[in-house]
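Chemist: Sharing a structure, written as structure tokens. Questions coming.
The values are calculated or read from the model by the stated rules, or taken from the named source; none is laboratory data. The model shown is predicted, which means the values in this text are computed figures rather than measured ones. As a convention, Cβ positions derive from the backbone with ideal geometry for all residues, glycine included, and neighbour counts pool all protein chains shown. In case anyone asks, the SASA skips ligands and DNA or RNA and just uses the protein heavy atoms, side chains included. Shrake-Rupley method; radii C 1.70, N 1.55, O 1.52, S 1.80 Å.
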Amino acid sequence: MSTAVHSAQELRELVWQWRQDFPLLQRTVYGKPIVYLDNAATTQKPTAVVAALQHYYTECTSNVHRGVYYLSEQATQLYEEARRTVQRFLGAAEAAEIVFVRGTTEAINLVAHCLGRTRIRPGSEILLTHMEHHSNIVPWQLVAEQTGARLRVLPITPDGELMLEAYPELLTERTAVVAVVHVSNSLGTINPVAELIQTAHERGIPVLVDGAQAVAHMPVDVQQLDCDFYAFSGHKIYGPTGIGVLYAKRRWLEEFPPYQGGGDMIRHVTFERTLYNDVPYKFEAGTPNIAGAIGLKAALEYVQQCGLERIAAHEHELLRYATERLQELPGVRLIGTAQRKAAIISFVIEGVHPHDVGTVLDREGIAIRVGHHCTQPVMEFFGVPATSRVSFGLYNTLEEVDRLVEALWKVIRLFGVGGNG
Ligand code: PLP
């Protein structure tokens, strides 16, 4: 199937076809068809992913890399094919640069831990941005505590964009690493990561990109970006939970010590000394999430079949329409109005706690996320304890945006916002 971007009408028809692939979207809650708008938290799974999991469990359950028998060889082949699928999906130079982990969180912890043991020293600086998810803050804080390094933070603007003019001065000879989110999960901002990487590299500083909110919404090519590390989670790209990816340039994986010890990551063990396995196996101690990797392969193939350009075009239209409609509502303030945004909208309604918004919407069959979205520094910057967040996936429709707006009118009337009692 061609992945050329279609006309708006063709895209809408395609989306109705895609929806058929997601059984959960057929269900009702409180007697109403579900409107699932919490895709930044996790995505629904297409039948192709469920079928891939079922196939592994019913036809090939066995461990990988160990057995000499048929089933184990088959499972190993599926698992390694999944690695090659991720490699192609991210445009990595070789499959050995793909490490399977539990998710974005574990990928970042792995890099932070290993850099902490190799490059980060007392007085080193770790440069983050003000819009990082807690999982791209806390692992670095832990490493800073252990090594005597300190965190530095690139500020953001009231629109929720990075303050790029402050970036070059924050890169010093002490900077050991830059860790930056590709797409902010609470603001929707798409950051200019290629430029950030280039500037850091001119000073010999490695860059980690947190791609948790990017890969399901836009094409990503790690060689083009030239990032040193790229992390994402399977469950946010229509794949299973408990599986994720760390892409790392081979030189880093060769340089790093193992993150965890155990089976499969070794070549030879004695009580005196252990010889480690080759990359990437050196970083995959113990039995991996075999089914998860196989399910992730199915998810990436599904997304590629839909076409990331088409998904991006459709989600952009959802973002445009929803932003316009939400701005018509009394008392609604958008949090995050960057020029370049992915399909995530955070907002607050004057005088109404986001939890009340979420609860009223829930009774209408609409699932959104309310809270701090694991980005408390962002909430602090905007002076709010929490926001309501709508995040779109490939299967959302303009009609669902209309249902959201209708339900928000209920909230507005119920709480008498702007005199609309
Ligand atoms: N980074 C960002 C930007 C996220 O949105 C998330 C999850 O919401 C994470 C990291 C952590 O992902 P996971 O919980 O799958 O490890």
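Chemist: If you take just the strands (runs of 3 or more DSSP E) that sit entirely in segment 183-277, which of them hold at least 1 residues that are of a type in the set (A, V, I, L, M, F, W, C) and away from the ligand (no atom under 16 Å from the Cβ)?
Modeler: Because the criterion is at least 1 residues that are of a type in the set (A, V, I, L, M, F, W, C) and away from the ligand (no atom under 16 Å from the Cβ), the strands (runs of 3 or more DSSP E) in segment 183-277 that meet it are 244-248, 266-269, 274-276.
Chemist: For residues that are open to solvent by 10 Å² or more (accessible area, probe 1.4 Å) and at negative phi, tally how many sit in segment 355-378.
Modeler: 15
Chemist: Within segment 295-309, can one find any residue that is out of contact with any Ser or Thr (no Cβ under 9 Å at 6 or more places or on another chain), within 16 Å of the ligand (Cβ to nearest atom) and under 14 Å from Val86 (Cα atoms)?
Modeler: yes
Chemist: Got at least one residue in segment 265-278 being open to solvent by less than 20 Å² (accessible area, probe 1.4 Å) and assigned by TED's automatic domain parsing to the domain that holds Cys60?
Modeler: For segment 265-278, residues open to solvent by less than 20 Å² (accessible area, probe 1.4 Å) and assigned by TED's automatic domain parsing to the domain that holds Cys60: present.
Chemist: Output the qualifying pairs, or none if there are none: Cβ atoms under 6 angstrom, residues six or more apart or on different chains, first residue in segment 7-33 and over 17 Å from Glu364 (Cα atoms) and in a loop (DSSP other than H, G, I, E, B), second residue of a type in the set (Phe, Trp, Tyr) and open to solvent by less than 90 Å² (accessible area, probe 1.4 Å).
Modeler: If the second residue must be of a type in the set (Phe, Trp, Tyr) and open to solvent by less than 90 Å² (accessible area, probe 1.4 Å), the pairs left are Phe22/Tyr395.
Chemist: Looking only at segment 231-242, decide whether some residue is under 30 Å from Asp21 (Cβ atoms), surrounded by 20 or more Cβ atoms within 10 Å (Cβ to Cβ), of a type outside the set (Gly, Ala, Ser) and in contact with a strand residue (DSSP E or B) (Cβ under 7 Å, 6 or more places away or on another chain).
Modeler: Taking every residue of segment 231-242 in turn, at least one turns out to be under 30 Å from Asp21 (Cβ atoms), surrounded by 20 or more Cβ atoms within 10 Å (Cβ to Cβ), of a type outside the set (Gly, Ala, Ser) and in contact with a strand residue (DSSP E or B) (Cβ under 7 Å, 6 or more places away or on another chain).
Chemist: Here is a check on your reading of the model: is Glu406 acidic (Asp, Glu), in contact with a helix residue (DSSP H, G or I) (Cβ under 9 Å, 6 or more places away or on another chain) and either buried (at least 23 other Cβ atoms within 10 Å of the Cβ) or closer than 24 Å to Arg19 by Cα (or both)?
Modeler: no
Chemist: Quick check, is Ala298 open to solvent by less than 10 Å² (accessible area, probe 1.4 Å) and within 19 Å of Thr58 (Cα to Cα)?
Modeler: no
Chemist: Does segment 345-364 hold any residues that are in contact with a helix residue (DSSP H, G or I) (Cβ under 8 Å, 6 or more places away or on another chain) and within 14 Å of Val390 (Cα to Cα), and which are they?
Modeler: Ile345, Phe347, Val348, Ile349, Val357, Leu361
Chemist: Further question: Sort out which residues of segment 75-127 are in a helix (DSSP H, G or I), among the aliphatic types (A, V, I, L, M) and more than 16 Å from the ligand (Cβ to nearest atom), and write them in order of number.
Modeler: Ala75, Leu78, Ala82, Leu90, Ala95, Ala96, Leu115
Chemist: Hey, any hits in segment 27-41 for a residue that's at pLDDT 95 or above, within 16 Å of Val303 (Cβ to Cβ), within 22 Å of the chain's Cα centre (by Cα) and of a type in the set (D, E, K, R)?
Modeler: no
Chemist: For segment 137-154: of the residues being in a strand (DSSP E or B) and surrounded by fewer than 19 Cβ atoms within 10 Å (Cβ to Cβ), which is nearest to the chain's Cα centre (by Cα)?
Modeler: Looking at residues that are in a strand (DSSP E or B) and surrounded by fewer than 19 Cβ atoms within 10 Å (Cβ to Cβ), I get Val153.
Chemist: Kindly indicate whether any position in segment 248-256 is of a type in the set (D, E, K, R) and farther than 22 Å from Arg84 by Cα.
Modeler: Yes, that holds for at least one residue.
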